[in-house]
Amino acid sequence: MLRYRFLFEQMVRRELRQKYKGSALGVLWYLINPLVLMGAYALVFSVLLRVADIPDYPLFLLVGLIVWVFFAQALLAAAPSLVQNAALVRKVRFPREAIPASVATVQLITFLVMLAIATPVALAVRGTFEPALLLLVPIVALLFCFVLGLSLAVSVLHAHYRDVEPVLGAALLPWFFVTPIFLRVEDLPGVDDRQWLGDLLQWANPIAPFVDAVRQVLYAGSSPGAGHLAYIAVAGVMALGGGILLFRRMERDLAVML
Amino acid sequence: MSAALAPGEIVLGKATRTFRVRRDRSRTLKELVVRRGSGATHAAVQALREVSLRIAPGEAVGLVGRNGAGKSSTLACLAGIVPLDSGRAQCGGRVITLLELGAGFGPDFSGRENIYLNGALHGFGREEIAERIEDIVAFSELGEFIDLPVKVYSSGMFLRLGFSIAAHLDADVMLIDEILAVGDESFQRKCFARIAQRMEAGATLVLVSHDPGAIERVCRRVVVLDGGRVTFDGEVTEGLLHYHRLLGTEDGASRSSRPAGGGPALEVAELELLDADGHPRSAYRPGEALAVRMRLRARSEAERAVAALEVRSERGELCFRTDTALGTVEGEIEVSFEVPRLALLEGSYDVAVGAHAQDAPAGRLLDRLARLVVSRAEGGEGIADLRGSWTVAGRSTQEEALR
């Protein structure tokens with residue numbers, strides 16, 4: 001495994017180069033995207049519809065959006081990655097996990113840059129530094145485990161069944177809307193008299209607790225509850241473990257089927 | 001990994017692999033849900049049938065066979081890229097594969113960055129690659145191009161970079177597929193010299209090629225594969241002759257062993273290429289006269305015997321085939337095929353001859369092989385000299401295209 005650390009580093013560099021084609025504007029565009037989304041949603045929900053009565057709403061939105069964009073972009077980029085690197089898989093022997101893992105890592109780097117921009121903004125807006133902010137490190141690590149596990153799974157599934165990527169693309173949009181990004185679940189008027197619906201939105205969707213946890217730490221400056229932290233720990237570890245197992249089981253004939 | 005092999009040792013033990021070829025390439029989720037029929041779209045191709053081979057450290061083995069004979073599958077299994085259905089395939093020590101030009105190159109990476117990426121893919125670390133990078137750059141002769149993105153490279157430059165990397169990563173086993181055919185003659189010479197050097201240092205080479213010339217240059221041992229089986233394993237000249245025979249038979253049912261009963265009724269005892277003065281020679285200029293002379297020996301009286309001759313290019317394409325009836329043959333006779341004017345152009349050709357009695361089993365036509373080398377001449381390219389002449393605006397140049 002250690003022997004391939006250098007390979008992994010090289011693959012990440014290759015992905016980064018390919019994605020940004022070495023141009024400064026390329027990187028910038030990936031940072032602008034969530035900001036544009038933030039502006040549009042703030043306009044719609046806060047100004048036009050007036051459903052979001054949340055202080056510093058653009059920051060609230062931004063924090064949720066960058067988690068979602070990381071999650072969605074990583075899966076969308078990872079799904080076709082093995083197929084796109086078919087020549088490599090067929091002709092060289094190396095751990096194939098390196099391909100989807102490097103794709104997910106490139107998305108992580110973009111995500112970390114966004115966090116590095118959002119964190120000082122959040123600190124400036126609140127004007128105080130809470131120690132809970134330090135929880136961001138383990139939460140982001142678990143989020144990465146979660147995304148990495150799913151990336152491994154969708155890449156190897158797509159290699160076997162070529163409609164995984166389009167199905168995923170179609171599923172992500174409704175998934176985005178049922179994820180509490182515009183509002184917290186408890187702020188939704190429709191769940192007041194339907195507790196079960198609130199619980200469903202909060203806990204049945206595994207990305208929702210991650211969005212919520214990052215937002216609590218970064219936007220609100222408070223620690224998520226122990227149960228909440230335990231949930232994301234279990235979700236992260238299970239997704240990664242399951243992703244690795246599935247990958248190992250399904251990668252056997254990759255060189256033949258690609 | 002069971003029983004550890006010495007570095008450079010290669011073992012295939014009853015290696016078997018079947019591929020399921022699907023008429024409609026990729027599967028979809030929809031298909032999984034809506035099951036149609038009972039998988040009648042599969043056709044199984046046996047790429048390897050219980051292939052057993054043992055290659056010692058430092059050996060250079062050429063793997064030849066017709067298209068689909070299992071050569072590339074064998075290499076992919078040895079490299080651990082394609083898993084076996086049963087049996088074992090193992091290489092001792094570090095393995096480097098050169099199965100496709102530029103596999104794994106990042107198109108936006110410079111040549112130098114790609115050296116690191118490629119080295120990493122083969123399991124080498126940063127320091128190990130840094131130690132060798134200057135040698136690799138020098139060997140590749142890429143000069144300033146080494147710092148440009150490889151997407152601007154020509155295929156020749158790709159080859160030079162790919163081979164330079166593979167040749168300098170001090171692997172114990174080198175698995176190379178077909179690619180030495182690209183590139184100019186001087187670089188090819190350099191590659192062969194480097195391979196020889198690596199083998200002196202104890203590295204093992206398995207080379208797949210359609211080019212008997214390349215195999216002859218580096219390999220002492222040849223393994224001929226046909227239909228997923230080893231049909232010959234031994235000395236290189238004999239192996240290439242066997243391969244040639246395979247190419248000459250329609251169904252490939254040729255046997256390397258002679259039929260039972262102590263050999264065929266009729267065989268070619270001697271084969272020579274003679275020039276216009278009757279001297280044996282193997283190199284000719286286009287347009288020269290030559291004769292193919294063979295001495296046939298009949299063990300017993302061979303009735304309605306036939307002699308056959310064919311010429312193939314280095315790549316195995318048939319250039320010419322002819323045969324002649326000999327009547328009844330007893331003892332030894334001499335048969336010649338005279339070519340008044342050699343209509344082949346520059347290249348290396350195989351002249352194969354054979355003789356058999358009418359009732360001989362089919363598929364054992366060709367018996368003996370001679371190499372014919374044709375030198376360069378002005379006026380045309382390709383393999384055949386069409387002896388044409390150009391006419392411009394009704395005025396004939398009155399010149400033969402080639403002399």
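We did not get these values from a lab; they are worked out from the coordinates using the rules stated. Everything numeric in this text was worked out from a predicted model, so none of it was measured. So basically every Cβ, Gly included, is an ideal-geometry build from the backbone, and we count neighbours across all protein chains shown.
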- Query: Counting only complete DSSP H runs, which helices of chain A cover 24 Å or more along their long axis at the Cα atoms and score a mean Kyte-Doolittle of 0.5 or above?
  - Reply: A:24-41, A:57-78, A:98-126, A:136-160, A:226-250
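What's the average, rounded to a whole number, of partner chain beta-carbon atoms within 10 Å of each residue's beta-carbon in A:157-168?
Numbers: counts 1, 2, 2, 5, 7, 7, 7, 2, 0, 2, 3, 0.
The per-residue average across the peptide is 3.
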- Which of these, A:Val125, A:Val237, A:Val89, has the largest mean-square fluctuation under a Gaussian network model of chain A (Cα springs below 10 Å)? A:Val125
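Which whole number gives the average, over all residues in A:84-92, of C-beta atoms from other chains lying within 10 Å of the residue C-beta? Intermediate results must be reported in sequence, preceding the final value.
Numbers: counts 0, 2, 1, 7, 5, 3, 7, 14, 13.
For this peptide, the per-residue mean of nearby foreign Cβ atoms is 6.
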- Message: What number do you get for the protein assembly as shown when its Cα radius of gyration is normalised by 2.2 N^0.38 Å, N = residues?
- Response: 1.29
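Summarise the partner chain shielding of A:7-19 as one whole number: the mean count of Cβ atoms from other chains within 10 Å of each residue's Cβ.
Numbers: counts 9, 1, 4, 13, 5, 0, 6, 11, 1, 1, 7, 4, 1.
For peptide A:7-19, the averaged partner shielding equals 5.
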- Choose one answer from A:Leu31, A:Leu197, A:Leu135: the residue with the largest mean-square fluctuation in a GNM of chain A with alpha-carbon springs under 10 Å. A:Leu197
- Query: Using modelled amide H (1.01 Å from N, peptide plane; none on Pro or chain starts), what sits under 5 Å from the amide H of B:Arg368, excluding residues fewer than 5 places away?
  - Reply: B:Val353
- Message: Taking 0.36 nm per residue of sequence separation and subtracting the Cα-Cα distance, how much length would be gained by fully extending the chain between A:Leu246 and A:Ser222, in nm to one decimal?
- Response: 5.0 nm
- What is the spin-label model distance, in nm, from A:Phe176 to B:Arg321 if the labels are put 7 Å beyond Cα along the C-beta direction? 6.4
- Task: Could you calculate the FRET efficiency of A:Ala87 with B:Glu338 from 1/(1 + (r/R0)^6), where r is the beta carbon distance between them and R0 is 56 Å, rounded to 0.05?
- Result: 0.65
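Could you list B:Glu338, B:Glu238 in order of exposure, starting from the residue whose Cβ has the fewest other Cβ atoms within 10 Å?
Details: B:Glu338 10, B:Glu238 14.
Starting with the residue having the fewest Cβ neighbours, the order is B:Glu338, B:Glu238.
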- Note on the structure: Listed residues A:Ala118, A:Ala40, A:Ala74; largest mean-square fluctuation, Gaussian network over chain A with Cα springs below 10 Å, found at A:Ala40
- Message: Suppose each label sits 7 Å from its Cα in the direction of the beta carbon; what would the B:Thr328-B:Ala289 distance come out to in nanometres?
- Response: 3.5
- Among B:Trp390, B:Phe187, A:Gly190, flag the residue with its Cα farthest along the positive direction of the charge dipole of the protein assembly as shown, charges on Cβ as +1 for Lys/Arg and -1 for Asp/Glu. A:Gly190
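With 10 angstrom as the radius, rank B:Asp367, A:Asp187 by how many other C-beta atoms surround their C-beta, starting from the fewest. List each step's numbers first, then the result.
Working: B:Asp367 22, A:Asp187 14.
Fewest-to-most Cβ neighbours within 10 Å comes out as A:Asp187, B:Asp367.
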- Length gain on complete extension for the stretch B:Lys14 to B:Ser348, per 0.36 nm per residue less the alpha carbon to alpha carbon distance? 116.6 nm
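At a 10 Å Cβ-Cβ cut-off, how would you order B:Arg304, B:Arg194, fewest neighbours first? Could the numbers behind the result be given before it?
Details: B:Arg304 13, B:Arg194 16.
So the ranking, lowest neighbour count to highest, is B:Arg304, B:Arg194.
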- Name the longest site-free stretch of chain A, where the excluded sites are trypsin sites (Lys or Arg not before Pro) in a DSSP loop with no more than 15 other beta-carbon atoms within 10 Å. A:51-193
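Given an 8 Å cut-off on Cα distances and at least 6 residues of separation, report the relative contact order of segment B:262-374 as a percent.
On the way: 285 pairs, mean separation 37.8, N = 113.
Averaging sequence separation for qualifying contacts and normalising by length gives 33 percent for segment B:262-374.
To the nearest 20 debye, what is the magnitude of the charge dipole of the protein assembly as shown about its Cα centre, counting +1 on the Cβ of each Lys and Arg and -1 on the Cβ of each Asp and Glu?
Details: 70 positive and 73 negative charges, 265 e Å.
For this selection, approximately 1280 debye.
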- Item | Full-stretch length increase - B:Glu303, B:Ser186 - with 0.36 nm per residue and alpha-carbon distance subtracted | 37.0 nm
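If r is the Cβ-Cβ distance from A:Ala141 to B:Ala377 and R0 is 60 Å, what FRET efficiency results, to the nearest 0.05? Each step should come with its number before you reach the end.
Working: r = 71 Å, r/R0 = 1.19.
Given R0 = 60 Å and the Cβ-Cβ separation, E is 0.25.
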- Dimensions in Å of segment B:262-374 - Rg and Dmax from alpha carbons: 14.2, 42
- Task: Report the net charge of residues surrounding B:Leu290, where surrounding means a beta-carbon distance below 9 angstrom and charges are Lys +1, Arg +1, Asp -1, Glu -1.
- Result: -2
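Given C-alpha coordinates of segment A:40-119, what is the ratio Rg to Rh with the Kirkwood estimate of Rh? Mind showing how you got there, number by number?
Values: Rg = 18.1 Å, Rh = 14.9 Å.
Over the Cα atoms of segment A:40-119, Rg/Rh equals 1.21.
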- Hey, what number do you get for chain A at 222 nm if only DSSP H runs of n ≥ 4 count, each worth -39500 (n - 2.57), divided across all residues, to the nearest 500? -22500 deg cm²/dmol
- Note on the structure: Here the relative contact order (percent) of chain A, from C-alpha pairs under 8 Å and at least 6 apart, is 27
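In segment B:121-189, how does Rg compare with the Kirkwood Rh, expressed as the Rg/Rh ratio over alpha carbon atoms?
0.95
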- D (µm²/s, integer) via Stokes-Einstein for segment A:2-257, Kirkwood Rh across alpha-carbon pairs, 20 °C, 1.002 mPa s: value 111
- Which of A:Ala141, B:Ala79, B:Leu5 sits closest to the plus end of the dipole of the protein assembly as shown, meaning its Cα is farthest towards the positive end, when Lys and Arg get +1 and Asp and Glu get -1 on the C-beta? A:Ala141
